[in-house]
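Everything on this sheet refers to the single structure shown next.
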Amino acid sequence: MLTKVKVIGGGLAGCEAAWQIANSGIKVQLYEMRPKKMTPAHHTGIFAELVCSNSLRSNQLENAVGLLKEELRMLKSLIIESADKNMVPAGGALAVDRDKFSIYISDKIKSHPNIEIINEEVTFIPEDEYTIIATGPLTSDNLSKSIREYLGEDYLYFYDAAAPIVAYDSIDMDKAYKASRYGKGEDDYINCPMDKAEYENFYKELISAETAELKYFEKETVFEGCMPVEVMALRGPMTLLFGPLKPVGLLDPRTGEQPYAVVQLRQDNQEGTLYNIVGFQTHLKWPEQKRVFSLIPGLENAEFVRYGVMHRNTFINSPRILKNTLQTIRNPKLMFAGQITGVEGYVESTSSGMVAGINMSRIIQGKDAIEFPKTTAHGSLCSYITDRTIKSFQPMNVNFGIFEPLKIKYRNKQEKNREYSKIALEELDDIIKSF
Ligand SMILES: Cc1cc2nc3c(=O)[nH]c(=O)nc-3n(C[C@H](O)[C@H](O)[C@H](O)COP(=O)(O)OP(=O)(O)OC[C@H]3O[C@@H](n4cnc5c(N)ncnc54)[C@H](O)[C@@H]3O)c2cc1C
């Protein structure tokens, strides 16, 4: 009988995986539950819907996420092909017309002769079949339960949060100053100093501000590392001064003194036009975020490019469950890909779909699955995570340790980064030639 692969989830990872497998001549059944059953974040029944921003972030080789895109292009990614065809102007970033982007992918998937689309929710793991689970951070409850039972205690879930992002040129740099704590490294952070009265006023407004109504999927315990700033504040007036507003080691160059409290902002894009407010993941209503965070000296007229959000993030304990081929240790026919493995981001999810798709095709053709050790998707992906996110986002830890990071730096090391990128792309070229 002809071997078929089941790919569960028609998001970025699932579509990429299905495309790779189908192009190698193998039949794929792609299961997608939308629009019959929606997730709390998706709005359409279209494949590869972008649930939030329309930016796939930097398109430049000087940083890991740009390198990752180039790697995906070399591997003929459907997702990146669509992004390239449907791009909108966004400086050095690859931003897309979100509808055209998803429709292009849907059309390609639907018209592929080797892909059969099955529009239903999968509620259990098909153990004896070649299967890729790519159901994302909002995997349906039924399937989550089945995965948890299959994997036992290794399967976890928690809640994730994102801090607001403001435009750099809207920050009042007459009040804010650049510095790193204790002068370590370069002056990477923008610091907004507060005196005691300013802090007390901010604190009072923060703890009494209106929060957004919790959706049903957000009502359970908040993961400690992603605690909303307003929840942390409720622990007591001093708590923030030992947390996100800690002033130690951040002398104000204008006074030579340590402020009473300091809010830090970290560069959020390579161009340096966006900064996120460090540790300010929040569940406040958006107008309240603008009102309360504009009390921070230097942010009085800040333009909020993105407000803080909180959403569920379902993931598996990848280092204990997966090999770096993305096969499960327990069952080599079963793979996971996408954000459910603990990676986060459109491009990162796509890249793991790519790895899973290539490896699934190889296994079925009787070849060895490829360990993508240093280069390609997970090499640069992992370094990207390590450099930028691992410190602030605990979820990223789950993948750290599986894949050897390429030593690429996210910021301010452009020359060195170009060298690493060159090496990575050459190594990938060798891998592709050996396919
Ligand atoms: C609210 C929110 C906002 C985000 N914002 C951004 C952002 O701005 N930028 C960014 O880079 N990343 C963002 N992310 C992360 C981004 O969603 C992921 O990185 C990426 O979409 C994950 O791709 P994926 O293929 O793993 O999952 P998804 O794209 O979520 O795809 C999973 C698919 O599986 C389907 N599915 C789920 N369960 C089942 C089932 N049992 N049976 C059949 N189908 C099922 C879902 O309907 C969905 O279509 C955000 C995530 C969330 C939740």
Just order 128-141, 163-176 by mean Cβ neighbour count inside 10 Å, highest at the front, would you? 128-141, 163-176
How many lysine pairs does segment 52-157 hold where the Cα atoms are under 27 Å apart and the two sit 8 or more places apart or on different chains? 13
With contacts defined as alpha carbon pairs under 8 Å and 6 or more residues apart, what's the relative contact order of segment 235-339 in percent? 13
Starting with the fewest neighbours, write out Leu50, Leu284 ranked by other beta-carbon atoms found within 10 Å of each beta-carbon. Leu50, Leu284
Based on the mean of other beta carbon atoms within 10 Å per residue, what is the order of 286-295, 195-204, most packed first? 286-295, 195-204
How high is the relative contact order of segment 8-107, in percent, with contacts defined as C-alpha pairs under 8 Å that are six or more residues apart? 27
Segment 1-108: trypsin sites (Lys or Arg not before Pro) in DSSP coil with no more than 14 other Cβ atoms inside 10 Å: Lys36, Lys37, Lys76
Relative contact order of segment 71-132, please, whole-number percent, based on alpha carbon pairs below 8 angstrom and at least 6 residues apart. 20
If Met87, Met232, Met354, Met38 are placed from fewest to most neighbouring beta carbons inside 10 Å, the sequence is Met38, Met87, Met232, Met354
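Read-outs throughout are calculated quantities, based only on the coordinates presented, and are distinct from any laboratory measurement. Only a predicted model underlies this, so the values are computations on that prediction, with no experimental measurement involved. No Cβ is skipped: glycine too gets one built from the backbone with ideal geometry, and neighbour counts run over all protein chains shown.
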